[in-house]
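Accompanying notes for the structure given below.
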Amino acid sequence: MIGPLLRPTARMLPRAALTAGVALGLLVAALPRLLPDTESQLFGLALLRATALAFALGLAFLLDDPARPTTETVPTGQPVRTWLRAALALPAAALGWCAALLLVPQAARPPLGDVTAEAAALTATALALAAAAARRTSETQPGRIAVQALPVLVVVGLLLPERWGLFVAPGSPEWDAAHHRWAAVLLVALVVWTASVREPIRRRTLRNGFGMGTLRP
Amino acid sequence: MSTTTMPPAPEVTRPPADGDRPWAAVLALARFEARELLLNIPVLVLLVLYLGYTAYGLVAAEQDGMTDYPVLQNADRASQTAPQLVALAVLLCVNHAVLRSRRHGTDRHFGVLPLQPWRRTLAHALSAVPLAGLVAVVVGAEFAWAASKPGAVGHGSLFELVVAPLSVLLAGVVGVLLARLIGSAFAAPLFVVGLYVLLAVFSIATSGSDPHWLRWLSPVVPESGGDPLPSGLLGRPAAWHALYLVGLTVALLCGAVTASGRRTRTVAVVTAAALAATAAGIAGQSPGDSRDLAAARETASASPETVESCTVRGSVTYCAFPEWSGRTADWAAVVERVQHLAGDRRDRLTVRQRVEARYGLTSDAALTALSGPGQVTVGTAWGGNRIPEFAVGVASVLVAGDEQAASAVCDARAVTITWLALAAQADPMSAFVHVRLDDRTEGSGLVLAPTDPLGMSAGETAMVRALLAKPREVVSAAVRAHWAELTSPKTSLARVAQLLDVKAPEKEDSRDACEA
């Protein structure tokens, strides 16, 4: 069943958004090669985080599918198609991430494993937001909701006090603890994603409770 | 036969008349979109964050003590950074709102409505105005709160205060323009990431040494970190920057109107005027610090006595920059308490306010010790930890004679100095913790002062702790009785302990703290 679905699914991927995200991410990661005197770890980390965010924002559009209402009721339903999309796009994104890591000069590279964990957590959060939006609403383009929520979450993450911080500087005593927190974010995002990929039988919409209509993300 | 007569069809189209108010629809749409904007989750979340952060700053940070003595030329630009949260949300959500019709496939219906697309664009841009107004109110309230403090000094600038609301408007216009140019939801978030990277590139890669013109292209230039400067020495082109923001906002708005199909002479003229204003703003804000400013900063840093006015209270002369003359009474209270503890000494002292302005607003340069006898340095910041630090400065000059001699104190006089400074505080033990560089009241360490810090050994620290536990009057009487011996560099720590009636340390410990 998966084989015949592969080609149409690949053709349906929202290429513009994915390409824009990856292109911006790679451009950002290439900056130290283009500018003089920028080989500090702090700078490399800031750029790789921006790259990760750009990738995540691009991948947030992964579930955009104008044909969603028509495939909700077919035997090979949404979950299979969603997993298939993820399986098609994520290896390409991983390749892009490796390229971004290689683009940052050796001297400016922060601990690569930890930064990759951050990127994975950001991407998983974006995908989980998109999947949750797709499950909660009848939206055919859940990506637009995810890309609005993700920057807000990132800003909240940036404003967290040092003790619970996520975006810590390289060499900070909180570095290891922060990456445990990133692992927790990744885990939560994966759980939300897995739970949301299942299509609901009936949707509940988010109401703001003031009788003023639906709260829009 | 019957004839059917048709009544004449009601006229549904007519040429525009004088009584029409095309702007009423724009305003109605702007009102509607503004209300929609407030219901967006990013706007709600970031607005609550901004308001919460501001309220926290106003209420909870009061305990710090520093907020009781605001310097208004710093307070005005301190409120510029946090509203960028609102600006971010406005950019994302206005963009989203403009794209709504495209998303829902209602674009083509607008073709039959009397409201032209460019007016719709304008209405979307106007929908950010209520949020900008809210930010203006909050910024104004913050500044008014600071200005209403009895300890406030200095002058605020209206041009610094308008930066925050203008940046919110600019963000809204950028959101509209992006939506008109790139009709997809990924444009705005990726633009934000790109902008962040640009700002990070220029702030991290150049670590603050980026050219002046480049730094001022950013909508908000907070420039904080150093001690407050007199308002004449700020050198911030705030008025030009406000003009730049206004020009840029209008120019981008004209771009969005043009992109939605309005290409008339009026739009061209307004665009040209806005671009001219932007260019004038950039030209005005680009030159770095002028020669006059550098000379004025040099004068204020190297020879402050030429620009300061002095008042005499008792035996002490207080010299302050003109904007700080109201703070003399606060300094006098500290000086008089320390003098009283030292046995009501009437030494001739000069409290001189000093500031290091030569390195700009962002560098926290240390002040060098004064060599004139009886001269005490006081900085431009006051409140919180600055009060015990100043008391240390006063006590060390009383004991050692002048600041340079005080910075070389490496003997038992440190006990007398520290006790005089701390016993003059309302809560000596907590002041002791804060005035020590390492925030401890054990072991050797440095005690902060307005100029050079004072070194203390572990034994001296223990003695000061013991002295602070004793009644103030008893120690004060002993200090008065043995003043000559206590202020002599030759007196040993054991002798000081004997004179002040506390336990001497078992062994004369190493003086690594002050030799470092």
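Derivation of every value follows stated rules applied to the coordinates shown; laboratory data play no part. Worth saying up front: this structure is predicted, and the values here are computed from it rather than measured. Cβ sites come from the backbone with ideal geometry, for glycine too, and all protein chains shown count toward neighbours.
Quick look at the numbers
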| read-out | value |
| --- | --- |
| Reciprocal of mean inverse Cα separation for the protein assembly as shown (Kirkwood radius, Å) | 30.1 Å |
| Principal-axis tilt of helix B:84-98 within chain B, Cα atoms, nearest 10 degrees | 10 degrees |
| Under 27 Å from B:Lys503, Cα to Cα: lysines that are on another chain or at least 8 residues apart | B:Lys470, B:Lys490 |
| Rounded to 5, percent antiparallel among DSSP beta bridges of chain B | 50 percent |
| Share, in percent, of DSSP beta bridges within the protein assembly as shown that are antiparallel, nearest 5 | 50 percent |
| Residue order, fewest to most surrounding Cβ atoms within 10 angstrom, among B:Tyr56, B:Tyr196 | B:Tyr56, B:Tyr196 |
| Long-range amide H partners of B:Arg313 with built H, under 5 Å | B:Tyr318 |
| Förster radius 56 Å - calculated FRET efficiency between B:Lys503 and A:Leu95 (Cβ-Cβ, nearest 0.05) | 0.20 |
| Rounded to 10°, Cα long-axis angle of helix B:386-400 versus longest principal axis of chain B | 30 degrees |
| Amide H partners (placed H, <5 Å) of B:Thr377, local residues excluded | B:Arg352 |
| Residue-averaged [θ]222 nm for chain B, counting only DSSP H segments that reach four residues, each worth -39500 (n - 2.57) | -16500 deg cm²/dmol |
| Projected label distance in nm at B:Val307 and B:Ala55, using a 7 Å step from Cα toward the beta-carbon | 4.1 nm |
| When the stretch B:119-212 is reduced to its Cα atoms, the Kirkwood hydrodynamic radius in Å | 16.1 Å |
| Size of charge dipole - the protein assembly as shown - debye, nearest 20, with Cβ of Lys, Arg +1 and Asp, Glu -1, no other charges | 3560 debye |
| Rounded to 10°, Cα long-axis angle of helix B:129-147 versus longest principal axis of chain B | 20 degrees |
| Computed E for B:Ser430/A:Leu187 - FRET, C-beta separation, R0 56 angstrom, nearest 0.05 | 0.85 |
| Ranking of A:Thr137, A:Thr123, B:Thr311, B:Thr451 by count of other Cβ atoms within 10 Å, fewest first | B:Thr311, A:Thr137, B:Thr451, A:Thr123 |
| Antiparallel bridge percentage (DSSP; both residues within the stretch B:303-515; nearest 5) | 55 percent |
| Order of B:His241, B:His340, A:His179, B:His104 - criterion: other Cβ atoms within 10 Å of each residue's Cβ, fewest first | B:His104, B:His340, A:His179, B:His241 |
| Mean ellipticity per residue at 222 nm, deg cm²/dmol - from DSSP H runs of n ≥ 4 across chain A, formula -39500 (n - 2.57) | -22500 deg cm²/dmol |
| Directionally averaged projected area (convex hull, Cα atoms, the stretch B:22-288), nm² | 15.1 nm² |
| Virtual spin-label span in nm between A:Thr73 and A:Trp175, 7 Å along Cα→Cβ | 5.7 nm |
| Largest-first principal axis extents of the Cα set of the stretch B:303-515 (Å) | 51, 35, 30 |
| Rh by Kirkwood over Cα pairs, then Stokes-Einstein D for chain B at 1.306 mPa s and 10 °C, µm²/s | 59 µm²/s |
